[in-house]
Amino acid sequence: MSHNPPSIPHNSLKCEGCGAFVAFEAGTHQLKCPYCGNTQAIDANKDNSRTFKFEDYTATQKSVSRLMIDCHKCGSTVTLPDAVTSDNCPFCASPLVVNMGKHILTQQPDYVIPFVVNSDEAQKKFRHWASKIWFAPSDLIHRINQITTHQLQGVYIPYWCYNTHSASAYGGNRGDYYYVQETHTKVVNGETVTETRSVRHTRWTPVSGFVQLYFENLLVSASPSLPQKTSEILEPWDLTLLVGFDDRYVAGFRSETFRINAKEAFAIAQQRTENAIHNAVVDDIGGDEQDIDNIETKFHATEIRYLLLPVWLSSYQYNGKLYQLVINACTGEVTGGRPYSATKITLFVLFIIAILVVAFVLIQQNQQHASYGY
Ligand SMILES: [Zn+2]
Ligand SMILES: [Zn+2]
């Protein structure tokens, strides 16, 4: 199968009114000029039902040339908004040398969820989150409250999304309980007493079988820049908001390109099916206990889509350690690494000890009063 020629990035990213660079306006389907306020509608394809066969996927997808910058510290590869001339890496906060960007041929995403949460709302979400975290150093809370909307970085993160059928053959043993009346004799006060009680036993039978499941929208982050755990906390994503990829939704935002390819990510997706398959096997075996010897799973009719999903990021260093604050820019879900205040934790522990000591003394006094009254 032949490769499609690289497509030319959208040429309508300049304001029709004043010629300045325009940016996508979060929560809408339009571009807005930050200078004269002129707006232009984005007529994107809202049909997001099309999926692609996994087997011949990369061969059929379109390549695009993008100006991208590698971060030498954390290895992320991001595109920058048109007007940006100096920037910090959204993932590790180290300075990026913008004029060292280079054009890289990469695969065009199939779909995108355009930003819903804008930078003002993101700033409020971070502040609210900071006001609720326990044992945070006071200067950290102060610092989060000082984050300006300009310091928040809107980034589209690459994800692979799979639909797949699993077929699993298994072997093992099924355990069924049965009860036996057992009689015992024992000596109580010099007399022999006979007791009957019901004792549980398990009858094991060898079993084998076959279960089939269907998995829809298994999402795997294609970027190691956000730890897998962080990506999982950001879930769920409302995939009904996906629209056909269009460069204009990225105008004014950063986007990262995948660094985990479709094949590697499918191995991660398969791991995420293991629990469901295990539970299906347990159900299929039935009985009171199940002992599974082996499960052999094959996946077939796998479909794939390459997505860009929006997050707001604020990465910062604290005492030489890197922390990332992340918002799902679709649902507003906030997550993040944060330092703990040793002083606050120590004070809290001392406070608990003090309460315990007071409680202990009071109980002692009460008991003494009680014994005097005797
Ligand atoms: Zn304008
Ligand atoms: Zn970096």
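The values are calculated or read from the model by the stated rules, or taken from the named source; none is laboratory data. Remember, it's a predicted structure, so these values are computed and weren't measured experimentally. Positions of Cβ are generated from backbone atoms using ideal geometry, with glycine treated the same way; all protein chains shown enter the neighbour counts.
Of everything listed in (1) at pLDDT 85 or above; (2) aliphatic (A, V, I, L, M); (3) part of a helix (DSSP H, G or I), the single unmet condition for VAL326 is (3).
Within region 121-167, track down each residue that is acidic (Asp, Glu) and either at pLDDT 90 or above or touching a His at 6+ places or on another chain (Cβ under 7 Å) (or both).
Let us first name the residues in region 121-167 that are acidic (Asp, Glu), namely 121, 139.
Hit for region 121-167 is GLU121, nothing else.
Reported count of residues in region 26-63, each being hydrophobic (A, V, I, L, M, F, W, C), more than 20 Å from GLY154 (Cβ to Cβ) and surrounded by 13 or more Cβ atoms within 10 Å (Cβ to Cβ), is 3.
Selection over region 53-98 of residues that are more than 13 Å from ligand 2 (Cβ to nearest atom), of a type in the set (Val, Ile, Thr) and part of a strand (DSSP E or B) gives a count of 2.
Of all the listed residues (ALA41, ALA23), the sole one being within 13 Å of ligand 1 (Cβ to nearest atom) and either outside the structural domain of ASP120 (by TED's automatic domain parsing) or at pLDDT 90 or above (or both) is ALA23.
Looking only at region 193-240, which residues are over 28 Å from TYR159 (Cβ atoms) and touching a Ser or Thr at 6+ places or on another chain (Cβ under 8 Å)? So that I can check it myself, show each step before the final result.
First pass over region 193-240, keeping only residues over 28 Å from TYR159 (Cβ atoms): 193-210.
Listed by number, the residues that qualify are VAL193, THR194, GLU195, THR196, PHE210.
Would you please name the residue that is nearest to ligand 1 (Cβ to nearest atom), looking only at residues in region 89-110 that are touching a residue at least 40 places away in the same chain (Cβ under 8 Å) and surrounded by fewer than 23 Cβ atoms within 10 Å (Cβ to Cβ)? Per the criteria, the residue is GLN108.
Taking every residue in region 138-153 that is assigned by TED's automatic domain parsing to the domain that holds TYR316 and pairing it with any residue that is of a type in the set (A, V, I, L, M), at least 6 positions away or on another chain, the pairs with Cβ-Cβ distances below 6 Å are ILE141/ALA130; ILE144/ALA130; LEU152/ALA122; GLN153/LEU313. Of the residues SER231, SER223, which single one is in a helix (DSSP H, G or I) and within 25 Å of PHE24 (Cβ to Cβ)? Matching residue, one of SER231, SER223: SER231.
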